[in-house]
Amino acid sequence: MLKYNTFILMGLMLLNDACVEPIEPETVTFESAIVIDATITNELIQQQLFLSRTFTFEEDGPLAESNAVVKVASDQTEYLFEETTPGTYRSTVAFAAQPNISYQLLVTTSDGLSYISETEQLTNTTTIDELYVERVTNNNGVDGMAIFVDSFDPTGTSKHYRYEYEETYKIIAPKWKPLDLIPDPDPLNGCNVLVVRREREDRVCYTTDDSNSIILTNTNEFTEDRVSRFLVRFINRDNYILSHRYSILVKQYVQSSKAYTFFETLRDFSGSESLFSETQPGFLEGNISSTENPTEKVLGYFDVSSVSEKRVYFDYDVFYPGEPLPPYIVPCLESKPPLISQAGICILRPLVAGNLVRYFNTNDEPQPGEGPYVTVRRVCGDCTEIGSIVIPEFWEE
Amino acid sequence: MKRIYTIILFFCFYFSVGQNKDEGISLSYENATIKEVLNTIEETTGYHFFYVDAWLGSELVSGNYDNAPINDILESVLKKTIVNFYIMDDDKIVLTRNTIIYDSLPKNYFGSPEDELAIDGGLQEAAPLFYEEESSSAQQNINTVRIGRENRNSNRQKFTISGQAINAKTGEAIQDLAIIVKETNFGTTTDTNGYYEMELSIGRNTIVTKALGFQDTELRAIVFNDGQLNFNLEESFEQLDEVILEGNRDRNIEEAITGVTLIDVEKIKSIPLVLGERDILKAAVTLPGISTAGEGSSGFNVRGGRTDQNLILLDNAVIYNPSHFFGIFSALNPFTSGTVNIYKGSIPSEYGGRLSSVFDISTKDGNSEKFSGEASLGPVTSNLMLEIPVVKGKSALIVGGRATYSDWILKSLDDESLNNSQASFYDFVAKYNHSINENNELKATGYFSKDAFSITSDSLYSYSNQLVSLKWDHKINEKNTASVILSNSEYKFNIEFDGDSDNDFDVGYKINETEFKLKLRNIGSGAHKFDYGVSTKLYVVDPGNIDPGSSESIITPLSIPREKGLESALFISDSYTVNDKLLIDAGLRYSFYAALGASTQRIYEENGPINSGTRTGTQDFDKNEFIKTYGGPEVRVSARYFLASDLSVKASYNNTFQYIHTLSNNTTVSPTDTWKLTDLNIKPQEANQISLGLYKNFEGNMYELSLEGYYKKSKNILDYKVGAQLLLNEAIETEVLQGEGKAYGVEFLIKKNEGRLNGWLGYTYSRTYIKLDSEFNEERVNNGDFFPSNYDKPHDLSIVANYKFTRRFSASANFVYQTGRPVTYPIGSYIFNNAEYVFYSDRNQFRIPDYYRLDLSFNMEGNHKIKKFAHSFWSFSVYNVLGRNNPYSVFFVTEDGELNAYQSSIFSIPIPTLTYNFKF
């Protein structure tokens, strides 16, 4: 028996040992390239696209590709785009991509380099039949909310679907009080703070997040062109965004096979992978190239897709009646910082001045080392740290 | 008249040698080759010698004899060689090399450098010319046997005695047993099957037997007539089952072919290995020229070849995936495996179908005398091997089975991600060998291995190998032998997906091949030795099918049509001993491949890239109709030249064709790689290799040194477009690229075969490049220039050392250093679709950090002086003692729109393991 225990121990060591650890990547060599992120849809809006450049691992974000001349040319017309914010270009007029018309993207950057896409046509339009939520336990045994899509194309031609979503949720600061702390304006009271009435509403907020992953499905292997119970989003039951009321707007894009392959390959490259087998990465060529230099690497894709969208709302207590709320974004611990430390340094006042804490209560019987007020982290008493108090226009209670 | 003359001579001889030792030959020579001396003796006396020139080497001898007995002279002349002599029919002297020239490595007799006792002074002992008078301590009581029935009417003085020497414990034949008649000091040795034949004088003879690893015996034989005398010998005490064959010791310098490596299981017994598994294939990668892409990747890269370019044979049948558990274990049972011959330079003409190498693995023959076995308990697997006699002395069965309990360990873990995963494997092998008679032997092997693993709870991957092979060896006559081989191999894998929604599926892949091979050998024509034959192989591939995984699933069943191919070859090779120094091995193979219908092949524009857009149509082929044929001559020539008796130079040229390719979009082999047959759009791979090497043995073969260089060019090597979809894709040709390969390298190996400290050091400098060029952008990688392949690792150093403290305790160490392998590393990142991604440019322009690792093990043999039920062997080893966190890969993942970089490593801390083996 002793022998076996030893074996198990060794087995444990082995399995814990095959490891994947995060590293801070370094830029070995850097090549600046243009990135074109353009999707034109059949929605009648001012179409929008993004131009940026690649950046190094040490930089925080991309450099916008500003002052470029951007247009989408169709068989009949040309739609001009103008830069609204750096790198974001919006068509000067609202237009919707029409079926059986070829569109082509033309970009000329401020340094005179020009890029052209292949011609693309609008894909078949398939609307979302059903967008619905269910409380499920997923394959990993995790309880949570699943958002499913059903869609059906009787013509069987859509086949390739890509999804984006926009989720909006209501946040209620759990330790909100109508009172607030402010630094004592009287400079003579060096470390003192004052309790005042709150001047603004910051208990209930709304936050909207865009999806940031590539969500794809196809019906190639299915007998019919039917998307059924496709899981667009799964939210762990412990995610605070579920706490009160949640809404999701799902957009379904029908893609061409080529565009779908592009997104799929990009997703495969960047998806988590198995430790023992690695996909051969390489330059992923889209449908845009340089007119002057055919070997120049151009990142991104010009996609013309039909889009269909649907929104759904749900409340936490409908699916989790009587159950405790998910934990808040951070643990809301109470603290009683003293006004002044033993060394004579102000403690609470700089926390208040720096907008880091919120009033929660008075500390009626301060112990040694405690101050006169019970405080919580700002986000626990003020939801504007993570949301906006403006109710979104579409919001339904 | 002639007969009388012979008899008279016989008497003369008998007296002159047996009694009048002072009368003999007068001879003087200086700095003469042995051959010259023998020629002189032939000219001046009535003796005739029978021998092969090459045995004698080129060493020069000097001597001066006056009336000396012939055996004195020969003893002196042949002292430094491993040649025995035997005087027959009075005037015929047959020189025998201590070992016969083998077709293959003799089974069951494995040299073991770490067993010093078995080796010491082995050269002299194994070439027993003169038996020393004093009795050995191992000597048993002298028995007396009577041979033959006395025939009063006969006046013959000499009788022919024959028989077989058998290992009393295992029932295996003992070869190279020296059988010596003490009175005359003449003797003979047994052949590969343990048989011998010798002449004895009438009356009393004292017969002594000697062989390494066996107890010396002495018996009195009273000879009355022709008869039989068999020997059943006990292994000597210091002997486990390790015997070094001195005859092979010269193999290094003597064989004509370059780039051949022999590994036997016993030798690697004490190499420290991960998780206590003795593993022949893992030992192979410690030798120059053979490497893996990384720790935990299955498949071997031999001299810059892709992992699909190795023909891995188990008892002549192909194993498609010889690894378990993502390559951490090999799928070969170490207890049943005998030897592996790895041909990485010149491949003998009988083998073909792969570009880079042949791994010829043979299973041991079972013990036909006695039931025995071996078992091991390790932390991850347990293994049991049994040898079962079927017909005593004639046939035996060997079975081995191995299974893991890692699945159970995984399940008992708290870690969520591991809890949901499973990994299990097992393998089973059985071999039956039957010697029908002296001229016919039958061998049959069956093998099955299976792996199942799941990384997420909704999918289950499994793969299996299965093979059967039958071999009939037939001795047509003294000079001709034939082997008929029939084999069938199957490899398949399966992915089952059982998720939440209605898209459950079941994907399968299967390849099956059946081969018939007829191999003939003729050793008769003096300096020539011919091997020739014919082989034909039928491939049947079911490249993939997908089925709905459950009744609710809306997956459409899809099946990619079956592919068939026929690969045939004619081969001949001649091992021609031109003179003492020069040996040429010239082989030619003509291979022919036909892609067979029924099939629908896609036709593409002649001057365009191959993609769905350039497809112009399809062409249908009927069942078994030739879709397209390929073929060509494959030259396999190598030569050896002795610069000195212990120094040789070898050169070889060889070209190969390969008609079957793996499809893998991974940088390392994964078990879901599929094999694709050459067809209308995918051409066979081809390679040409030249190599040149120098080989030297020092100090009586104690040290072996070799230096080999090679240059290899290949074409139509498969690679893939970025993000290729390979599974369930009918039009594979639109996803693959065929390019040129270029590899060169120098391999250095020094081995110390004996002594307390033994082991080897191998160093390889090699480069491997691939070029994927085309006039079309989409078919060009890295601007169409040569770039390093995924497994290009210029520096590769391996040191394996064993140190024997005492008979029972030994320690070994294994050190590996390799240049980090090339990776495709991003040259920036970018934002697209609200998430950050990395920007990859040219392939393989960067390298992961260098790899190094030290493993140590300490071994203890059970006390084998006391008669026990089982002989035990404990091994405690620590893998990666230095705890080096060798990066295996660096990869980038976009999670929640953010980019994260990860480095993976397989074994980043020291892994201790304790394994217990026992034999019974």
Jot down the radius of gyration and Dmax of region B:806-920, Cα atoms only, both in angstrom.
22.9, 75
Given the C-alpha atoms of chain A, compute the convex hull and give its volume per residue in Å³.
276 Å³
If you take the beta carbon distance between A:ASP75 and A:GLU292 as r and set R0 to 30 Å, what does 1/(1 + (r/R0)^6) give as a FRET efficiency, to the nearest 0.05?
0.75
Nitroxide proxy distance, nm - points 7 Å out along Cα→Cβ at A:ASN220 and B:ASN607:
3.2 nm
Which cross-chain or sequence-distant (5 or more) residues have an amide H under 5 Å from the amide H of A:SER66, H modelled 1.01 Å from N in plane?
none
Residue farthest toward the positive end of the dipole of the protein assembly as shown, with Cβ of Lys/Arg at +1 and Asp/Glu at -1: which of A:SER335, B:TYR463, A:PRO22?
B:TYR463
How much of the pair distance distribution for region A:116-211 lies past 19 Å, counting alpha-carbon pairs only, in percent?
72 percent
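Determine, for A:LEU51, A:LEU333, the number of other Cβ atoms within 10 Å of each Cβ, and report the residues in order from fewest to most.
Placing the least packed residue first, the sequence is A:LEU333, A:LEU51.
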With viscosity set to 1.306 mPa s and temperature to 10 °C, compute the Stokes-Einstein D of region A:293-345, Rh being the Kirkwood radius across alpha carbon pairs; µm²/s, no decimals.
82 µm²/s
Once the in-chain neighbours fewer than 8 apart are removed, the lysines whose Cα is under 20 Å from B:LYS628 read B:LYS537, B:LYS564, B:LYS676, B:LYS683, B:LYS715
GluC sites (Glu not before Pro) restricted to DSSP loop in region B:618-718 with at most 13 other C-beta within 10 Å:
B:GLU625, B:GLU699
In nanometres, what is the gap between the two model label sites at B:THR44 and A:ALA96, each 7 Å from Cα along Cα-to-Cβ?
11.6 nm
Among B:LYS715, B:LYS479, which comes first, then next, by fewest other beta-carbon atoms within 10 Å?
B:LYS479, B:LYS715
For chain A, the longest principal axis of the Cα atoms and the Cα long axis of helix A:257-270 enclose an angle in degrees, to the nearest 10, of 40 degrees
Assuming 1.306 mPa s and 10 °C, estimate D for the protein assembly as shown with Stokes-Einstein, Rh taken as the Kirkwood radius over Cα pairs, in µm²/s.
44 µm²/s
Using a simple spin-label model with points 7 Å from Cα along the Cα→Cβ vector, what separation in nm is obtained for B:LYS92 and A:ILE45?
10.1 nm
Specify which residue in the list B:PHE858, B:TYR817, B:GLY828 is farthest towards the positive end of the charge dipole of region B:809-868, using unit charges on the beta carbon of Lys, Arg (+1) and Asp, Glu (-1), about the Cα centre.
B:PHE858
Taking θ = phi - 60°, what integer Hz values does the Karplus form 6.51 cos²θ - 1.76 cosθ + 1.60 yield along region B:640-657, in sequence order, with x for Gly and Pro?
10, 10, 7, 7, 8, 5, 10, 9, 9, 10, 9, 9, 8, 10, 7, 10, 9, 10
Give me the dipole magnitude in Debye, nearest 20, for the protein assembly as shown about the Cα centre, with unit charges on the beta carbon: positive for Lys and Arg, negative for Asp and Glu.
4500 debye
Kindly provide the chymotrypsin sites (Phe, Trp or Tyr not before Pro) of region B:734-796 that DSSP labels as loop, not H, G, I, E or B, and whose Cβ sees at most 13 other Cβ atoms within 10 Å.
B:PHE776
With runs of 4+ DSSP H residues as the only contributors, calculate the mean residue ellipticity of chain A at 222 nm using -39,500 (n - 2.57) per run, divided by the residue total and rounded to the nearest 500.
-3000 deg cm²/dmol
Going out from 0 in 10 Å bins, what whole percent of all Cα-Cα distances in region B:255-919 drops into each bin?
3, 14, 24, 28, 20, 8, 2, 0
Gained length - B:ARG615 relative to B:LEU914, 0.36 nm times residue gap less alpha-carbon distance
101.7 nm
Per the charge dipole of the protein assembly as shown (beta-carbon charges, Lys/Arg positive, Asp/Glu negative, Cα centre), the residue among B:LEU692, B:LEU177, B:ILE909 reaching farthest to the positive end is B:LEU177
Please work out the FRET efficiency for the pair A:VAL136 and A:ASP317, using the Cβ-Cβ distance as r and a Förster radius of 25 Å; give the result to the nearest 0.05.
0.90
FRET efficiency estimate (nearest 0.05) - Cβ-Cβ, A:LYS258 to A:ASP209, R0 25 angstrom
0.30
Degrees between helix A:2-17 axis and first principal axis of chain A (Cα, 0 to 90, nearest 10)
70 degrees
Among the lysines, select those whose C-alpha is under 17 Å from the C-alpha of A:LYS336, and discard any that sit fewer than 8 residues away in the same chain.
A:LYS175, A:LYS177
Ordering B:386-398, B:607-619, A:298-310 by per-residue average of other C-beta atoms within 10 angstrom, highest first, gives A:298-310, B:386-398, B:607-619
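Taking loop as defined by DSSP and a crowding limit of 14 other beta carbons within 10 Å, which GluC sites (Glu not before Pro) in region A:170-222 fit?
Values: sites: A:GLU199, A:GLU201, A:GLU221; in loops: A:GLU199, A:GLU201, A:GLU221.
Counting only loop positions with at most 14 other Cβ atoms within 10 Å, the GluC sites (Glu not before Pro) in region A:170-222 are A:GLU199, A:GLU201.
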Suppose every Lys and Arg Cβ carries +1 and every Asp and Glu Cβ carries -1, with no other charges. What dipole size does chain A come out with about its Cα centre, to the nearest 20 debye?
1040 debye
The rounded separation in angstrom of the Cα centers of region A:320-335 and region A:213-271 is 29 Å
Which whole-number percentage describes the relative contact order of chain A, with Cα contacts under 8 Å and a sequence gap of 6 or more?
18 percent
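Would you mind giving the three semi-axes, in whole Å and largest first, of the ellipsoid equivalent to region B:767-870 according to its Cα gyration tensor?
Taking √(5λ) for each Cα gyration eigenvalue gives 50, 17, 13 Å.
How much net charge surrounds A:VAL70 when only the other residues with a Cβ under 13 Å from the Cβ of A:VAL70 are counted, with Lys and Arg +1 and Asp and Glu -1?
Neighbour charge sum, excluding A:VAL70 itself: -3.
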Give me B:HIS795, B:HIS324 sorted ascending by neighbouring Cβ count inside 10 Å, so fewest comes first.
B:HIS795, B:HIS324
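The numbers here are math on the coordinates, done by the rules we state, and not lab data. These figures come from a predicted structure and were not determined experimentally. Glycine also receives a Cβ, built like all others from the backbone with ideal geometry; neighbour counts cover every protein chain displayed.
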